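Chemist: Got a structure for you, written out below as structure tokens; questions coming shortly.
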Amino acid sequence: MTNDKPCVLIVDDDILNRELLQTVFERSGFKVLYTSNGASAITMAKEQLPTVIVCDVRMGAMSGYEVCAALKQSPETSAIPFIILTALENEAERQKALDVGAADFIPKMRGWQVLLERVKTLIS
């Protein structure tokens, strides 16, 4: 993206989570793109080239792991930091996220401030 503001793509099938994350990131100076499913996330990432992607694990037809793996295999999106955001908190899930190329794995119960700080660290 050619913009002064960093851009985050939020991928979550829960509208309340998307709206909350949109508010958190916009108030922190980010441009926000969002979608509710993996297929459109892949398309948006390739067209918009966001600075970072934050994606839920459990969604409809395509999981966050599958979205991450697809984007990491594509030359135009492979360098975009991808953060898995999930209600699951265990070592096996974290390792699965890292194995598909995620830059970070953040359990939702850790809070939005933790997510925001990790995003800022990844893009700095």
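Chemist: Return the pairs, sorted by first residue and then second, in which the second residue is surrounded by fewer than 20 Cβ atoms within 10 Å (Cβ to Cβ) and at pLDDT 95 or above, the first residue lies in the range 99-111 and is closer than 12 Å to Phe82 by Cα, the beta carbons are less than 6 Å apart, and the residues are 6+ apart or on different chains.
Modeler: Val100/Ala69; Gly101/Lys72; Ala103/Pro81
Chemist: Let me ask something else. Look through Asp56, Asp14 and report the one residue that is in contact with a strand residue (DSSP E or B) (Cβ under 9 Å, 6 or more places away or on another chain), closer than 19 Å to Ile106 by Cα, surrounded by 20 or more Cβ atoms within 10 Å (Cβ to Cβ) and not basic (Lys, Arg).
Modeler: Within the list Asp56, Asp14, the selection yields Asp56.
Chemist: If Ala69 meets every condition in (1) among the hydrophobic types (A, V, I, L, M, F, W, C); (2) over 17 Å from Val8 (Cβ atoms); (3) over 13 Å from the mean Cα position of the chain (by Cα) apart from one, which number is that one?
Modeler: Of the numbered conditions (1) among the hydrophobic types (A, V, I, L, M, F, W, C); (2) over 17 Å from Val8 (Cβ atoms); (3) over 13 Å from the mean Cα position of the chain (by Cα), the odd one out for Ala69 is (3).
Chemist: Next question, about the same structure. Just to be sure before I move on: is Leu9 surrounded by 20 or more Cβ atoms within 10 Å (Cβ to Cβ) and at pLDDT 95 or above in the structure I sent?
Modeler: yes
Chemist: Now for a different question. Just checking, does the range 103-112 include any residue being under 19 Å from Pro50 (Cβ atoms) and of a type in the set (Gly, Ala, Ser)?
Modeler: Yes, some residue in the range 103-112 is under 19 Å from Pro50 (Cβ atoms) and of a type in the set (Gly, Ala, Ser).
Chemist: Is it the case that some residue within the range 27-46 is over 20 Å from Lys120 (Cα atoms) and of a type in the set (D, E, K, R)?
Modeler: Yes, because at least one residue in the range 27-46 is over 20 Å from Lys120 (Cα atoms) and of a type in the set (D, E, K, R).
Chemist: Taking the options Ala61, Ala79, Ala41, Ala70, name whichever one is under 16 Å from Val119 (Cα atoms), out of contact with any Asp or Glu (no Cβ under 9 Å at 6 or more places or on another chain) and not in a strand (DSSP E or B).
Modeler: Criteria check complete, one pass: Ala79.
Chemist: I've got another one for you. Only one residue in Thr86, Thr77 is buried (at least 17 other Cβ atoms within 10 Å of the Cβ), under 16 Å from Glu47 (Cα atoms) and either in contact with a helix residue (DSSP H, G or I) (Cβ under 7 Å, 6 or more places away or on another chain) or not hydrophobic (A, V, I, L, M, F, W, C) (or both). Which one?
Modeler: From the options Thr86, Thr77, the qualifying one is Thr77.
Chemist: Restricting the search to the range 90-124, which residues are at pLDDT 90 or above and among the polar types (S, T, N, Q)?
Modeler: Correct list: Gln95, Thr121.
Chemist: Further question on the same structure: Six or more apart or on different chains, Cβ atoms under 6 Å: show the pairs whose first residue is in the range 59-71 and within 15 Å of Pro81 (Cα to Cα) and whose second is crowded, with 18+ Cβ neighbours inside 10 Å and acidic (Asp, Glu).
Modeler: Pairs that qualify, where the first residue is within 15 Å of Pro81 (Cα to Cα) and the partner is crowded, with 18+ Cβ neighbours inside 10 Å and acidic (Asp, Glu), are Gly64/Asp56.
Chemist: Restricting to the range 89-107, give me the number of residues that are surrounded by fewer than 18 Cβ atoms within 10 Å (Cβ to Cβ) and either of a type in the set (Phe, Trp, Tyr) or under 22 Å from Gln22 (Cα atoms) (or both).
Modeler: Selection size over the range 89-107: 1.
The values are calculated or read from the model by the stated rules, or taken from the named source; none is laboratory data. Keep in mind the model is a prediction, meaning the values are calculated, not measured. Cβ coordinates were reconstructed from backbone atoms using ideal geometry, including for glycine residues, and neighbour counts include every protein chain displayed.
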